[in-house]
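Rule-based calculations on the coordinates, nothing more; no lab input. These numbers come from a predicted model, not from an experiment. Cβ placement follows ideal geometry from the backbone for every residue including glycine, while neighbour counts extend to all protein chains displayed.
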Amino acid sequence: MTTATTPSAKTAADPLALNDVDHVRFFVGNAKQAAFFYAHTFGFNISQYADLTTGCRTDASYLLTQGNIRLLLTTGLSADHPAQQEVLRYGDGVKDVAFDVEDAEAAYERALANGGTSAYEPVTLKDDRGTVTMAGIQGAGRVVHSFVSRTGEYALSNVKKGGTFAPNFAHMGTLGVNEMNKARPCGLMYVDHAVINVELGKMNHWVDWYENVLEFTMFKHFDDKDISTEYSALMSKVMASGNHLIKMPINEPAEGKKKSQIQEYLEWHDMTPGIQHLALRTDDALASVAELRHRGVDFLSLPDTYYELVWDRVNSKLIEHGHEPVKEDHQKIRDLGILIDADDEGYLLQLFTKPLQDRPTLFFEIIARRGSQSFGKGNFKALFEALELEQQRRGNL
Ligand code: FE2
């Protein structure tokens, strides 16, 4: 039996101590339109924007917020802009998982001293209200990790209360979709984990990278023993920041019965790694998934047989380890098509969307935890079967 690692005691003097996820930046083909997609389907508030009208000549960005999630959708305004270059190759996707730290420059220097490679040098945006300093480290493939430090009115605590995100950002006026989202919240609270797909044979390289460069640690949990199965066709190790603020599972393809989903993802990215999914945490999976379904979110569908087997599998495991069985209404879980998995510590409810764009690339997971700190290994077989059906329909099997 293993237990969750104890978060290490990071001090304020530690430049790589992460305060929060500052934002997750997407590169998209059309930020203005994408903002409305994520607002309508996932309940994000379209909070602020920066574009030509606010003095931003090179790109346009929209800040979407929900709970403690901040998505920043960015489009380049010229063909040679890096965002346009990436969208041309890969379509829309996650570019940057950015961390709020005390001192972005110090964090950046420390990561470089740890063997990291610069994605971009420190830059400070400032006006009379305060400063936002950002510096980027190059991660796996397209992935960048920015460090962000903020002063004055731009402090993250102010941004969380609706304050301006950065110089050149303007607040949206009244929008019907924002009013609707207030009246019908989707209940998404924060990024539980962000998963990276890497090439065959590269998982340990990136595990070492997160340990050495960002000073993450391997997150021990109950389902890390035999995660590679003939059904999952992937191998996965989970890295966690020192304070467990964020977990970053790293997947590499494994030989399965059919082409793995990891392999399919890589092929659609010129064989370069990237973020496969963001898991968004809710406390009430049933209410969240019901609302998301109502809005038209396209979730993976599961074989009916899943629910014939799941209660025995999950509830017997919970009882075996002295926990209460799944308390949510079993029929409602089935009606909503939610997945359940259990380990020694408790259970979780999760559900995966289909790809969020035309290419079979980035997707979201909706997750609620009832004690379990793992990632749903028991669902891999069921998920594999469901995904395989999807792959078959796309002609990629
Ligand atoms: Fe996940």
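Tabulated results
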quantity	calculated
Label-point gap, in nm, between ALA79 and THR174 - each point 7 angstrom along Cα→Cβ	4.4 nm
Inverse of mean 1/r across different Cα pairs in the chain, Kirkwood, Å	21.7 Å
The stretch 20-183 - share of DSSP beta bridges that are antiparallel (%, nearest 5)	85 percent
Per-peptide average of other Cβ atoms within 10 Å, ordering 148-155, 177-184, 266-273 highest first	148-155, 266-273, 177-184
Mean ellipticity per residue at 222 nm, deg cm²/dmol - from DSSP H runs of n ≥ 4 across the chain, formula -39500 (n - 2.57)	-8000 deg cm²/dmol
Given LYS237/LYS327; LYS160/LYS237; LYS161/LYS354; LYS220/LYS377; LYS126/LYS161, the pairs whose alpha carbons are separated by over 22 Å	LYS237/LYS327; LYS160/LYS237; LYS161/LYS354
Gain in span if fully extended, ARG393 to MET271, counting 0.36 nm per residue against the direct Cα distance	41.7 nm
Beta bridge orientation in the stretch 188-394: antiparallel %, DSSP, nearest 5	75 percent
Listed residues SER61, SER157, SER374, most fluctuating in the chain (Gaussian network, C-alpha, under 10 Å)	SER157
Contact order relative to length of the stretch 20-183, as percent, for alpha carbon pairs under 8 angstrom and 6 or more apart	25 percent
Computed lengthening from ASP208 to ASP284, 0.36 nm per intervening residue step minus Cα-Cα distance	23.8 nm
Extreme residue, positive dipole direction of the stretch 64-120, given options TYR120, GLY91, THR75 (C-beta unit charges)	GLY91
Inter-label distance, nm, simple model (7 Å from Cα along the C-beta direction), GLN138/HIS321	4.1 nm
Under-5 Å amide H pairs with LEU300, H placed in peptide plane, nonlocal only	PHE352, THR353, LYS354
Charge tally in the Cβ shell below 15 Å around LEU349, where Lys, Arg are +1 and Asp, Glu are -1, LEU349 excluded	-2
DSSP-defined antiparallel bridges as percent of all bridges, the chain, nearest 5	80 percent
Candidates ILE333, ILE137, ILE196: whichever shows maximal mean-square fluctuation once the chain is modelled as a Gaussian network with Cα springs under 10 Å	ILE333
Relative contact order, percent, the chain [alpha-carbon distance under 8 Å, six or more residues apart]	16 percent
Karplus-derived HN-Hα couplings along the stretch 41-46 (A = 6.51, B = -1.76, C = 1.60, θ = phi - 60°), whole Hz, x at Gly and Pro	8, 10, x, 6, 7, 7
